[in-house]
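A short write-up of the structure that comes next.
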Protein chains: 2
Amino acid sequence: MRLTTKGRYAVTAMLDLAYHSQQDPVTLTDIATRQTISLSYLEQLFARLRRAGMVTGVRGPGGGYRLSRAASEINIAEIIEAVDEPLDTTKCAGEGNCQNNKACLTHDLWMGLSDQIRGYLKGISLGDLLTRHHVQEVAKRQEQDTKVVEIHRQQRVGA
Amino acid sequence: MRLTTKGRYAVTAMLDLAYHSQQDPVTLTDIATRQTISLSYLEQLFARLRRAGMVTGVRGPGGGYRLSRAASEINIAEIIEAVDEPLDTTKCAGEGNCQNNKACLTHDLWMGLSDQIRGYLKGISLGDLLTRHHVQEVAKRQEQDTKVVEIHRQQRVGA
DNA sequence: TTCAAAGTTGACTAATTTGCTTGGTTAAGT
DNA sequence: ACTTAACCAAGCAAATTAGTCAACTTTGAA
């Protein structure tokens, strides 16, 4: 049972976006530095999120990404599935042909588990996460940390 | 979110064992043919299950494996964790050092998910599964299918 | 006592997936 | 024009998975 960084990055980036894009769009470069995710990898993930209709890209200077819907209307399950990480623990993707075209001994067990996981993550929206204390604290800490990074960058340029 | 065949095979094999080892021990060869799992791969999994104290090996002719405890005393979560498939969806294995030694933005979310999964699977025992209609049907079908295989084998030897 | 059935162990491997990198093109604001 | 940022495509190295192969040990039965 493993969630790869793909799904984790996608949710983290979306949460960062929800937190920072109240008015202006947010650039992937900003998200990448705050969340320490590779920029080009983020681009790939956002291509999928855009195709899934969850974010809107704004090109040109001052551009970036915005949520296409309200944060409370985007749940975690759909983010993870949008980047192609299936929330499914069966071998047969729920088809029931796990063993010689018939259901395997434990098919129903994994179906139940998958429903459990999907149900749990469907019940949580980006909006829900935003209201959590822990998320707010971490987000503030990250803003401080990245400000420091920017000062360092400017000092290097100035020197 | 993906459960690998490692964990799935382990649970399937344990369920097969629970179903067939009412008196005599069951050989891995039998389990391998019934569940279409590679024998040598099964051996690796059972080595771990044995070290975890869940099964007992009986050597020599007529040997095989037996459950060390009652089927109702073995839950699915411990089987999966015994074969080294962690039921944990955080990056940091729950340590909270996911980003530069501090908790990442979504740490709590994955902790909650992991608890959810573990709780669900802890609440289901091999004994519970045995009583399910679907499991009984599939197990009977598999016994028929493997009998057919054996007849074919004998016919080939006879010819 | 010897054979063979079964468990036990360890090393090695092919295929797949992941998490990137590189190197672009296109659109929009200044 | 120039810059900024989204958008796109191909390729690649490390890790993981799902095994195979080959040897060895223990034990019951003939």
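What follows draws every value from the coordinates through simple rules; no lab data is involved. What you see is a predicted model, and the numbers here were worked out from it, not measured in a lab. Methodologically, a virtual Cβ is constructed for each residue, glycine included, from the backbone with ideal geometry; neighbour enumeration extends over all protein chains shown.
Quick rundown of the values:
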read-out: Likely footprinting exposure, A:His20, A:His133, fewest C-beta neighbours within 10 Å first; value: A:His133, A:His20
read-out: The range A:17-79 versus the range B:68-120: alpha-carbon centroid distance in Å; value: 28 Å
read-out: Nearby aspartates and glutamates by direct alpha-carbon distance to A:Lys147 (threshold 12 angstrom, same-chain neighbours under 8 apart not counted); value: A:Asp30
read-out: Helix B:133-158 vs. chain B, principal-axis angle (Cα, 0 to 90°, nearest 10); value: 40 degrees
read-out: Helix A:39-51 vs. chain A, principal-axis angle (Cα, 0 to 90°, nearest 10); value: 60 degrees
read-out: Whole-percent pair-distance distribution, where bins are 5 Å wide, for the alpha carbons of chain B; value: 2, 8, 15, 18, 17, 13, 9, 7, 5, 3, 2, 1, 0, 0
read-out: Surface/4 of the Cα convex hull for the range B:1-94, nm²; value: 6.5 nm²
read-out: Nearest-first distances (nm) between copies at A:Gly96, label 7 Å from Cα via Cβ; value: 4.6
read-out: Residue-averaged [θ]222 nm for chain B, counting only DSSP H segments that reach four residues, each worth -39500 (n - 2.57); value: -18000 deg cm²/dmol
read-out: For B:Ser68, net neighbour charge (Lys/Arg +1, Asp/Glu -1) across residues whose Cβ lies under 14 Å away; value: +3
read-out: Among the listed pairs B:Lys6/B:Lys91; A:Lys140/B:Lys6; B:Lys6/B:Lys140; A:Lys91/B:Lys102, those beyond 30 Å (Cα-Cα); value: A:Lys140/B:Lys6; A:Lys91/B:Lys102
read-out: Degrees, to the nearest 10: B:107-122 long Cα axis against longest axis of chain B; value: 30 degrees
